[in-house]
Amino acid sequence: MFNNQPVSYSGVQPSGNLTIGNYLGAIKNFASFSEAYKCFYCVVDEHAITVRQTPADLRRRTYETLALYMACGLDPEKNTLYVQSHVHEHAELAWILNCFTMFGELSRMTQFKDKSAKHADNINAGLFTYPTLMAADILLYQTDVVPVGVDQKQHVELCRDIAERFNQLFPDTFTVPEPIISKSGMKIMSLADPTKKMSKSDENVNAVVYILDDKDTIIRKFKRAVTDSETCVRLGEGKDGINNLIGIYSCFTGKSAEEIEKEFEGRGYGEFKLAVGEACADALAPVQQKYRELLADKGALEAQMKKGAEEASWYARRTLSKVQKKLGFVKI
Ligand code: ATP
Ligand code: LTN
């Protein structure tokens, strides 16, 4: 809560081209909070450098991610859209929260385990303390709800534990947030290995459908999606590929799994895959069009970054100052 208004907060890393997993699991749902909540949506560039980034790519993707937020329907008049490194309070509160987070808690984070296995040559301290920076993002804005994909639930739960621990020592400091996991887009799986999350940092571009892929590419990727040896379009155990495609088709068309099973009764996987590709491409076409228009005007995007950072700083400053006072830092 901030001034009696509930707050929604989330973030996306500018660490790669955004996928339909990011879109269905996170960004598409952000807009639904705009009316009833004070919303903050951040491009988390400081999180992105926990794995090596090429500076020019990081810079370009920061603009692109902001443009995509807007293209996906986030109106900057109704939502505070900004870049994490433009609000220095995030890094400052993260340091403080590091001193209230246990080594054991961070060691249990599955994302840390996954990413340190994947980047074995660069298991840096930032990768380890990633969740305390994320907790700082959330807690600075006295956040009530955090819309994320299911892979981030563990981080939001750790954030709750940190907030509760801090509040016990220093009462009434932070709002304790709830994760909101959208049911439909909970976890979109890789098209090449449907037991794995579809991830923007996957090296196999055929495993991933990007929001900005053109129609032919989208249809080709779905055509090649790994399924099973059956031919009947229905949900089932061990049918991870088909389950995933039914989930994706359902998200883009609003149809339930039962309706989809009926629609494709007696028709093969080939026809179904084509329908999924077409539904996906048709849903993304207006987003892509809007995105291109927004990206063509860098000056306007920069003005938006500045406005967002000013708005966010106002809230962040208030929480950080309260925390510093409670801790006994001398104010001059
Ligand atoms: P990376 O591969 O670089 O770790 P990512 O693709 O997992 O990135 P993030 O920037 O970490 O993307 O995630 C942004 C948001 O998108 C988060 O809320 C996350 O839960 C959601 N998300 C990412 N991938 C998926 C997916 N496959 N299904 C559902 N939600 C997802
Ligand atoms: N860790 C998240 C991105 C993220 C985030 C946040 C999400 C950073 N800060 C605050 C919600 C709230 C991710 O990798 N998906």
Take the residues in the stretch 119-132 that are more than 15 Å from the chain's Cα centre (by Cα) and within 12 Å of ligand 2 (Cβ to nearest atom), then tell me which one is surrounded by the fewest Cβ atoms within 10 Å (Cβ to Cβ).
-> Leu127
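Among the residues of the stretch 168-188, count how many are under 15 Å from Gln152 (Cα atoms) and of a type outside the set (Val, Ile, Thr). Full working, then the answer.
We begin by selecting, within the stretch 168-188, every residue under 15 Å from Gln152 (Cα atoms); these are 177-183, 185-188.
Pick out the ones that are also of a type outside the set (Val, Ile, Thr) and you get 177-179, 182-183, 185-187.
Of the residues in that region, 8 qualify.
Would you confirm whether any residue within the stretch 263-280 is touching a strand residue (DSSP E or B) at 6+ places or on another chain (Cβ under 9 Å) and in a helix (DSSP H, G or I)? Steps first, answer last, please.
Let us first name the residues in the stretch 263-280 that are touching a strand residue (DSSP E or B) at 6+ places or on another chain (Cβ under 9 Å), namely none.
No, the conditions are met nowhere in the stretch 263-280.
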Flag for Leu191 being within 13 Å of ligand 1 (Cβ to nearest atom), hydrophobic (A, V, I, L, M, F, W, C), over 15 Å from the mean Cα position of the chain (by Cα) and surrounded by 15 or more Cβ atoms within 10 Å (Cβ to Cβ) | yes
Residue list for the stretch 254-270, filter: within 22 Å of Ile181 (Cα to Cα) and either surrounded by 14 or more Cβ atoms within 10 Å (Cβ to Cβ) or in contact (Cβ under 8 Å) with a residue 60 or more places away in the chain (or both) = Lys255, Ala257
Which helices (runs of 4 or more DSSP H) does the stretch 110-180 wholly contain that include 2 or more residues that are more than 16 Å from ligand 1 (Cβ to nearest atom)?
-> 125-140, 153-169
Any hit, the stretch 72-83, residues being within 16 Å of ligand 1 (Cβ to nearest atom), farther than 27 Å from Ile248 by Cα and modelled with pLDDT under 95 = no
Per the filter on the stretch 188-203, residues at pLDDT below 95 and touching a strand residue (DSSP E or B) at 6+ places or on another chain (Cβ under 6 Å) are Lys200
Would you please list the contacts, defined by Cβ atoms under 6 Å and residues six or more apart or on different chains, that run from a residue in the stretch 198-212 that is within 15 Å of Gly149 (Cβ to Cβ) to a residue that is in a helix (DSSP H, G or I) and within 14 Å of ligand 2 (Cβ to nearest atom)?
-> Met198/Gly21; Ile211/Tyr23
If you take the residues in the stretch 1-14 that are surrounded by 22 or more Cβ atoms within 10 Å (Cβ to Cβ) and over 16 Å from Pro179 (Cα atoms), which one is farthest from the chain's Cα centre (by Cα)?
-> Pro14
Which number in (1) under 17 Å from Tyr315 (Cβ atoms); (2) in contact with a strand residue (DSSP E or B) (Cβ under 8 Å, 6 or more places away or on another chain) marks the one condition that Asn29 misses?
-> (1)
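Quick one: which strands (runs of 3 or more DSSP E) lie wholly within the stretch 1-91 and hold at least 2 residues that are within 17 Å of Lys307 (Cα to Cα), away from ligand 2 (no atom under 11 Å from the Cβ) and not hydrophobic (A, V, I, L, M, F, W, C)?
Values: elements: 7-12, 38-43, 79-83.
Filter on the stretch 1-91 gives 79-83.
For Ser190, indicate whether it is among the small types (Gly, Ala, Ser) and within 14 Å of ligand 2 (Cβ to nearest atom).
On the way: among the small types (Gly, Ala, Ser): yes; within 14 Å of ligand 2 (Cβ to nearest atom): no.
No.
Given the residues Cys251, Cys280, which is the only one that is modelled with pLDDT under 95, within 25 Å of the chain's Cα centre (by Cα) and crowded, with 18+ Cβ neighbours inside 10 Å? Write out each step before concluding.
On the way: Cys280 fails: modelled with pLDDT under 95.
Result: Cys251 is the single residue among Cys251, Cys280 that is modelled with pLDDT under 95, within 25 Å of the chain's Cα centre (by Cα) and crowded, with 18+ Cβ neighbours inside 10 Å.
The values are calculated or read from the model by the stated rules, or taken from the named source; none is laboratory data. Predicted, not measured: the structure shown is a model, and the values here were computed from it. Neighbour counts are summed over all protein chains in view; Cβ atoms, including those assigned to glycine, are modelled from backbone coordinates with ideal geometry.
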